[in-house]
Amino acid sequence: MKVFSVLGSPRRKGNTSVVLERFLQGIRENHVGVEECVVFLHEKSIKPCMACDSCKTGTKTCVVDDDMQRLYGEVKKADLIVFATPIYWWNMSSQLKTFLDRLYALDYENDFRNKRFVLLMTYGGEDPNSGALLLEKSLREVCEFLAMDFAGSFGLCSENPSEQNDKLIEEAYKLGKKL
Ligand SMILES: Cc1cc2nc3c(=O)[nH]c(=O)nc-3n(C[C@H](O)[C@H](O)[C@H](O)COP(=O)(O)O)c2cc1C
C-alpha cells in the first residue's frame with residue numbers, strides 16, 4: 001500500500017504532526033509492504049493555482065514550475081491519501097488549501113478514482129468543534145466528486161489536558177491499524 005500524507009501545519013513538530021505520526025504508526029504495524037511519502041507542505045514551494053486552465057484546455061498539465069510537479073506523481077501513485085491539518089478559521093490551513101487547489105490540474109475523473117482518503121485534524125476549540133465538522137463535510141463532498149473513498153477522520157482538541165489527549169490519540173493509531 002502506498003500512503004501519501006501531507007502535513008498542513010506550519011509547525012513541523014506541532015500537534016498535527018503528533019497525530020499524523022501516531023496514525024502512520026498504526027498503518028505500519030498492521031500492514032506489510034507499506035510505502036510512505038510524508039510531505040511537510042510549509043517547506044515546499046507551492047504557488048497558488050492561477051486558474052490559467054492550461055491543465056484542462058491547453059497542455060493538459062500544470063504549467064506552474066514548482067514543487068507540485070514532483071508531488072503530482074506521488075498523488076497519482078498513492079492508494080491512500082492523508083490530509084493532516086490544524087483547523088484555521090473553521091477550515092483547513094492555507095498551506096493545505098493551496099495544495100488542494102493545485103490538484104485541480106490532475107484528471108479529476110480518473111486520477112483519484114478508488115483511492116482511499118483520511119482526514120486528521122487538530123484544533124484549539126472544544127469538541128464538538130464546528131470547524132472540524134465543517135471541514136469534514138466539505139472534504140467528504142470533494143471525495144465524492146473525485147470518486148475517492150472517505151475512509152475515516154480523526155479530530156483532537158489540542159487544548160485538552162495532555163493525559164486526556166494521550167488516551168484520545170490512540171484513536172488515531174487505531175484508525176491507521178484498521179485501514
Ligand atoms: C491562524 C489560526 C487560526 C486558528 N483557527 C482556529 C479555529 O477556527 N478553530 C479552532 O478550534 N482552533 C483554531 N486555531 C487553533 C489551532 O487549530 C490549534 O492550536 C492546532 O492544534 C494547531 O496545530 P499545530 O500544533 O499542528 O500547528 C487556530 C490557530 C491559528 C494559528
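Please treat every number below as a calculation from the coordinates, not as lab data. Predicted model only: the values in this text are computed from it and were never measured. So basically every Cβ, Gly included, is an ideal-geometry build from the backbone, and we count neighbours across all protein chains shown.
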Pair list, Cβ < 6 Å and 6+ apart or interchain, from region 60-89 residues that are closer than 20 Å to R22 by Cα to residues that are away from the ligand (no atom under 16 Å from the Cβ) and of a type outside the set (K, R): A78/F4; D79/M1; L80/V3; I81/F4; I81/F117; V82/V118
Of all the residues that make up region 1-37, how many are in a strand (DSSP E or B) and farther than 20 Å from Y88 by Cβ? 6
Among A78, A147, A105, which is more than 15 Å from the chain's Cα centre (by Cα), buried (at least 16 other Cβ atoms within 10 Å of the Cβ) and closer than 30 Å to S54 by Cβ? A105
Hits in region 28-59 (condition: over 30 Å from K178 (Cα atoms) and surrounded by 15 or more Cβ atoms within 10 Å (Cβ to Cβ)): K44, I46, C49, S54, C55
Need a quick list: strands (runs of 3 or more DSSP E) entirely within region 64-179 having at least 3 residues that are more than 16 Å from the ligand (Cβ to nearest atom). 116-123, 149-157
Name the single residue, out of those in region 100-131 being without any contact (Cβ under 8 Å) to a residue 40 or more places away in the chain and of a type in the set (S, T, N, Q), that is farthest from L24 (Cα to Cα). N110
Note on region 108-126: residues exposed (fewer than 13 other Cβ atoms within 10 Å of the Cβ) and in contact with a strand residue (DSSP E or B) (Cβ under 6 Å, 6 or more places away or on another chain) are E126
